[in-house]
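The values are calculated or read from the model by the stated rules, or taken from the named source; none is laboratory data. Here the structure is a predicted model, which is why all the values come from computation and not from measurement. Cβ sites come from the backbone with ideal geometry, for glycine too, and all protein chains shown count toward neighbours.
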Amino acid sequence: MAGFIHLHVHTEYSLLDGLPKIKNLVKMAKELGMPAVALTDHGVMYGAIEFYKECKAQGIKPLIGIEAYTVNHDHKLKEGKENKDNNHLVLIAKNHKGYQNLMKLTSIAHLEGFYYRPRFDKETLEKYSEGLIALSACPAGELGELLINGQEAKARQTALWFAETFEKGSYFLEIQRHQYKDYIEKSPDRKVKESLRQNQKSEDVWVKGIIKLSRELGLPLVATNDVHYLKKSDAKAQDALVCISTGKNVSDIERLRYVDTPTFYFRTEEEMREIFRDVPDAVDNTTKIPEMVDVEIELGKWFFPKYQLPEGKNAANQLRDLCNQRLKERYPGADEETKQRLEYELGVIIDKGYAPYFLMMADMVNWCTGQGIITNTRGSAAGSLVSYVMGITTIDPLRYGLPFERFLNPFRPKPPDIDLDIADDRREELIAHVTEEYGYDKVAQICTFGRMLARAAVRDVGRVLGHPYSFPDKIAKLIPMGSQGFPMTIKHALEITPELQSLYDSDSEAKEVLNLAQEIEGNARHTSVHAAAIVVSPTEITDFTPLQLEPGGEKVITQYEMHASEDVGLVKFDILGIRNLSILGEAVRIVKEVSGEKIDLSKIPIDDKKTYDMLARGDTMGVFQLGGSGMTKWLKELKPNRLEDIMVMIALFRPGPMANIPEFIDRKNNKSRITYMHPKMEKFLDKSYGILVYQEDILFTALELAGYNWESVDKLRTAIGKKIPTEMAKQHEIFVQGCVDNSGMSKEEAEEIWELFVPFQGYGFNKAHAASYGIVSYQTAYMKANFPVEYMTALLTAEATDTDKVVEAIEECKKMGIVVLPPDINKSFSGFTIEENSDSLEGKAIRFGLNAIKNVGGAALDEILTARKDGDFKSFCDFYMRVNGQKVNRKVLESLIKAGAMDKFGKRSAMLAGLDSLRQKCDALTKQRSQGQVGLFDSDDEGSSHAVPDDNFPGIDEFKKEELMQFEKELLGFYLTDHPLSAMFMALETSVGTKIKELLDSEETLVGQKVSVGGVISAVRVVMTKKNNSEMAFATIEDGTGRIEVVVFPKAFAADKSIWEKDKVVAIRGKLEKRDEEFSVIVDEGRRINGDEGEGYDFVVRVPKGTTSKTLMELNRLLKTSPGEKMGVLVFENGGAPKKLELSFGVDYNRELQAEIKSLLNI
């Protein structure tokens, strides 16, 4: 019989072992005239749905399988080498039952049997054997291992067991011939030669034994090739993958080496028949297996979980009834137009069968609301009145003109997708609720694949080829970053980066790295948990998708990625944890705790003047989406006074649309005339003063001017959003002609409008998304403006593990006049708390928690707080004798002392010096008491043996201020009470033009420009250049607002080498660059700051470049009408080294004056 089918095939989803992409695999099978092909990845079904769809698309029969791992004992045993050993077995689904059993087996292997490999035992295999075809596998199969070890009788028994376990005619004996002997003499290495000889010997024994068993037992043979790559020439790339996986170099000999025998490829039928000419039936039988297979997977249909409904109701009328009830709460006295909109949306939702989805979403969100968990929705769902009425979304779609059709319309084939944002510290609570609600066997989180993107592929390949890290890193840094959804490829990078192409052409080693990296680029590298998505099924989830545990964790995740999970009909919910929602929730909780006031964020006034004034001043740190210096700069110019302004800024502040910001600001502030390119555009562009801002603006332009409907306009949206050139060209023509035909426009006028669409390619923001984000931005701003201390406490709590964010928040507190107090053994709790303090804003200060101190773990913390319930600690000894010394050990005590938490008991130097002797004294007393050796003949008077001993610390001087601050840095991670270089930073204020944070927040507006910046050198590395052996330096500088890398080339370094030392403070001028998403400054010149530049100044006022003379006069008036004793200096920024003007008079420079000056200068 003619024909051959590959039955043992690994793809990229045999992670870092298989090379082929599924599309290429199926394409090759078709090109070779094979009517079917199998997928048998190692222990997983990651690629099954992609494989099934691709085969169907190319007219090839898909044979869905796995190469499983079996054990001859209970798979739950996971100790020692004896339980580590396993055997391979190839399983292929014969029918739908077999496909489901395949999912059950691989799920059990991962969830119960994973020990080095996902394994299942024979009892489990027997239970789920129905509908499966089995192949005895490679030499690592159970039969292969037995035969190679000379156990022929046991091999015979085993073969019979498998034959009886599977349905009649469904067990095949597999043989392979990889021709190791043909490559023995081609290898120069003795160890490799010996390995190939041994492999050939084992293969010969195995194949001979299998053929013998086949003939004796009447079990059919099948010939396979263990496919790990498609073409013989791919062997080197596959070998690189194996080395990446195992941490080896390709030059290493003692490792897993396929490359010495490049025969693990997708052979042709002719090659297979030649290799197995002595057993032609083994090749013929491969065509019988596809004839046995009939697997149909229903795709594209939703299978809703069983949602509890009132008796006698279905999902449709339950949704309708709830909407009509809740409409009265959202819109008391709703008009006819609102009711019609609701009815229209319900009609579309119910007709499409989506009512259960909306009920489930409403149940989740309303449960969160009941638990006090803050949620929000992203994306176009906010355009749905049904969602708003049901409490799913928080933004009124009628008030803000959000169209339902952008979310769902009669023409749109895709199901709705409501993305739910939730406080990140409470996301797991919601997942636990959903799991409890629908069943532990019906809920899972979704897997996602980390892939080998261009830069990572180059670095990995460079490493396994044996190059030092710097070599591939240099190449990788020449590859530009892609944009979201459009990853950069090496091929495209070579086309658009002359420097990379030049390196490729001139350096053979770089060429080798890039060529090999291109072959593995894009391959799946590892699995992880999707940041948001979970799926819920109506029956056991393994009826729809195989499962596994997250790598190194306990979360149950699907083996099918997001799209495949949706394809098989699982209902997906996107639940993304957002830090700012945690901050909001915590702020609301703290306000209630401190003042008793209960805040309902859905009912706060949306026109609060205090909030908009704060944004207009630029006090945006910690405000969702508005906190960067770039956005802050625009907000100060805009002076927002309504939610729509915030929405517009969120939508425009991104590449492309950003160019419209100045015109929007000018039109809002009556500096520029409001115009519309066509009268029809006024009705949907009135709130943005005639400027295109959102995706919806484009859609409405097409609908109103060019005659599109919601079905055809969706194609325009997709073409623009995904930058599809062919579709863009097609839509361009349709749009222009439509404007001419429907709106009486000239072709030139229509072209002019089309040009406005171009900046939106790949960057357009949908209006509902901007509105959803805008409301959270407003809520965070409202809480900060009206409850500043509570909000900053919540922010510090949420960011407690991020040192940089904590430092930034503390700086913001200082600006706001909020006192931040260090940890205190009697006043601090676990986290940040508020306490009374007359020197602080609103009389409330923020106290650091004890958990901020390094080495103070949970056990010690609980012990301290429990002991303190009996009253404050009166002395060190009182503290020590009231806590458990094993939990609060010496390291904990030392850390508490150094961090300043025990300052009320004495000097830190004295406490540390006397620590051991006091501990011994207290321990001895405690021991005596426990043995009953004290108190027998003593009175119970004060001063008796029951009393706590005096501390009696040594009488030594306290540490210097700098040492105390260094302790803070060591134990808290930053300087809290002061900075040892604060005088230097004051000097810096007068010497540089820009703060580091301003550079980091500048997006890319300053990249390529000359900047003036400075700070303390926190790290420095001096190296020699390869070109002429000259010294240069790489350094990191910090200025209290942030840190940035600086590169000092030989010329600048040679000018004054003494500057570039750790802990020196420098001012530099140079060019700002951005690579690998990291900013750096290429230094032109640097100079040391000694501190005398700041001497004599109590404050510095930075005057921005371009400040008008009128503003300067007003600044002079403000300073002179606030007489006082503080001396200051004005620093005029001009792009280079700033100009200074010392004030000749004293000023009462306080927080109120500072705020007035900031507002005046728009800084």
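Within the stretch 387-419, the set of residues being buried (at least 22 other Cβ atoms within 10 Å of the Cβ) and more than 31 Å from the chain's Cα centre (by Cα) comprises just one member, Val389.
Within the stretch 328-361, the set of residues being within 14 Å of Ala316 (Cα to Cα), among the aliphatic types (A, V, I, L, M) and out of contact with any helix residue (DSSP H, G or I) (no Cβ under 7 Å at 6 or more places or on another chain) comprises Val348, Met360. Between a first residue in the stretch 427-440 that is within 13 Å of Ala533 (Cα to Cα) and a second residue that is assigned to a helix (DSSP H, G or I), which pairs have beta carbons less than 8 Å apart while being 6 or more apart in sequence or on different chains? Here the result reads Leu430/Met364; Leu430/Trp367; Leu430/Cys368; Val434/Met364, each pair linking the stretch 427-440 to a residue that is assigned to a helix (DSSP H, G or I). What residue, among those in the stretch 44-71 that are surrounded by 24 or more Cβ atoms within 10 Å (Cβ to Cβ), among the small types (Gly, Ala, Ser) and outside any strand (DSSP E or B), is farthest from the chain's Cα centre (by Cα)? Result: Ala48. Going residue by residue through the stretch 139-152, is there one that turns out to be in contact (Cβ under 8 Å) with a residue 40 or more places away in the chain, buried (at least 19 other Cβ atoms within 10 Å of the Cβ), in a loop (DSSP other than H, G, I, E, B) and at negative phi? Yes, the stretch 139-152 contains a residue that is in contact (Cβ under 8 Å) with a residue 40 or more places away in the chain, buried (at least 19 other Cβ atoms within 10 Å of the Cβ), in a loop (DSSP other than H, G, I, E, B) and at negative phi. Pairing each residue of the stretch 1044-1058 that is of a type outside the set (A, V, I, L, M, F, W, C) with any residue that is surrounded by fewer than 19 Cβ atoms within 10 Å (Cβ to Cβ), provided the two are 6+ apart or on different chains, yields C-beta distances under 6 Å for Glu1045/Thr1036; Pro1050/Ser1030. Only one of the numbered conditions (1) modelled with pLDDT under 95; (2) touching a strand residue (DSSP E or B) at 6+ places or on another chain (Cβ under 7 Å) is violated by Tyr115, and that is (2). The conditions of being of a type in the set (S, T, N, Q) and crowded, with 24+ Cβ neighbours inside 10 Å are met by Ser136. Out of all the residues in the stretch 854-874, is one or more crowded, with 17+ Cβ neighbours inside 10 Å, outside any helix (DSSP H, G or I) and touching a residue at least 60 places away in the same chain (Cβ under 8 Å)? No: the stretch 854-874 contains no residue that is crowded, with 17+ Cβ neighbours inside 10 Å, outside any helix (DSSP H, G or I) and touching a residue at least 60 places away in the same chain (Cβ under 8 Å).
Residues in the stretch 791-832 that are touching a strand residue (DSSP E or B) at 6+ places or on another chain (Cβ under 7 Å) and over 27 Å from Asn855 (Cα atoms): Ile818 only.
Scanning the stretch 283-315 for residues that are within 44 Å of the chain's Cα centre (by Cα) and of a type in the set (Lys, Arg) yields Lys301, Lys306, Lys313.
Just need a number here: residues in the stretch 520-552 that are β-branched (Val, Ile, Thr) and closer than 11 Å to Thr448 by Cβ. Break it down into steps so the answer makes sense when it comes.
Of the residues in the stretch 520-552, the ones β-branched (Val, Ile, Thr) are 520, 527, 529, 534-536, 539, 541-542, 545.
From what is left, the residues that are closer than 11 Å to Thr448 by Cβ are 527, 529.
Result for the stretch 520-552: 2.
Can you find, within the stretch 73-126, the residue that is farthest from Ile175 (Cα to Cα) among those that are surrounded by 15 or more Cβ atoms within 10 Å (Cβ to Cβ) and among the basic types (Lys, Arg)? Checking each candidate, the answer is Lys104.
Counting only residues that are in a loop (DSSP other than H, G, I, E, B) and touching a Leu at 6+ places or on another chain (Cβ under 8 Å), which one in the stretch 650-676 is surrounded by the most Cβ atoms within 10 Å (Cβ to Cβ)?
Within the stretch 650-676, the first condition is being in a loop (DSSP other than H, G, I, E, B), and the residues that meet it are 653-656, 669-676.
Keeping just the survivors that are touching a Leu at 6+ places or on another chain (Cβ under 8 Å) gives 669, 676.
Details: Asn669: 11, Tyr676: 15.
Applying the filter and picking the extreme gives Tyr676.
If you filter the stretch 1083-1101 down to residues that are part of a loop (DSSP other than H, G, I, E, B) and surrounded by 19 or more Cβ atoms within 10 Å (Cβ to Cβ), you find that the one that is modelled with the lowest pLDDT is Tyr1097.
In the stretch 215-273, of all residues being over 33 Å from the mean Cα position of the chain (by Cα), part of a helix (DSSP H, G or I) and of a type in the set (Lys, Arg), the one that is surrounded by the most Cβ atoms within 10 Å (Cβ to Cβ) corresponds to Arg273. Considering the conditions (1) part of a helix (DSSP H, G or I); (2) surrounded by 21 or more Cβ atoms within 10 Å (Cβ to Cβ), Leu39 is excluded by exactly one of them, (1). Out of everything in the stretch 82-110 that is among the charged types (D, E, K, R) and assigned to a helix (DSSP H, G or I), what residue ends up being farthest from Val556 (Cα to Cα)? For the stretch 82-110, the residue satisfying everything is Glu82.
Here Lys84 meets each of (1) modelled with pLDDT of 95 or more; (2) of a type in the set (Lys, Arg); (3) within 44 Å of the chain's Cα centre (by Cα) with one exception, condition (1). Residue count for the stretch 1040-1054 under the criterion of being part of a loop (DSSP other than H, G, I, E, B) and of a type outside the set (Phe, Trp, Tyr): the result is 3.
The listed residues are Asp363, Asp396, and the only one of them that is of a type outside the set (A, V, I, L, M), under 27 Å from Ala587 (Cβ atoms) and outside any helix (DSSP H, G or I) turns out to be Asp396. Kindly indicate whether any position in the stretch 1020-1039 is over 36 Å from the mean Cα position of the chain (by Cα), surrounded by 14 or more Cβ atoms within 10 Å (Cβ to Cβ) and in a loop (DSSP other than H, G, I, E, B). Yes: the stretch 1020-1039 contains one or more residues that are over 36 Å from the mean Cα position of the chain (by Cα), surrounded by 14 or more Cβ atoms within 10 Å (Cβ to Cβ) and in a loop (DSSP other than H, G, I, E, B). Selection within the stretch 533-555: residues that are closer than 15 Å to Tyr438 by Cα and among the β-branched types (Val, Ile, Thr). The member of this set that is surrounded by the fewest Cβ atoms within 10 Å (Cβ to Cβ) is Thr539. Checked against (1) under 30 Å from Pro415 (Cβ atoms); (2) of a type in the set (A, V, I, L, M, F, W, C); (3) in contact with an Asp or Glu (Cβ under 7 Å, 6 or more places away or on another chain); (4) in a loop (DSSP other than H, G, I, E, B), Met621 passes all but a single condition, namely (1). Of all residues in the stretch 427-448, which are crowded, with 16+ Cβ neighbours inside 10 Å and assigned to a helix (DSSP H, G or I)? Passing the criteria: Arg427, Leu430, Ile431, His433, Val434, Thr435, Glu437, Tyr438.
Can you pull out the residues in the stretch 680-690 that are in contact with a helix residue (DSSP H, G or I) (Cβ under 9 Å, 6 or more places away or on another chain) and free of Cβ contacts under 8 Å to residues at least 40 places away in the same chain?
Scanning the stretch 680-690 gives Met681, Lys683, Leu685, Tyr689, Gly690.
For Pro605, are the conditions met, namely being surrounded by fewer than 16 Cβ atoms within 10 Å (Cβ to Cβ), assigned to a loop (DSSP other than H, G, I, E, B) and at pLDDT below 90? In short, no. What do you reckon, is Thr833 among the hydroxyl-bearing types (Ser, Thr, Tyr) and surrounded by fewer than 18 Cβ atoms within 10 Å (Cβ to Cβ)? Answer is no for this residue.
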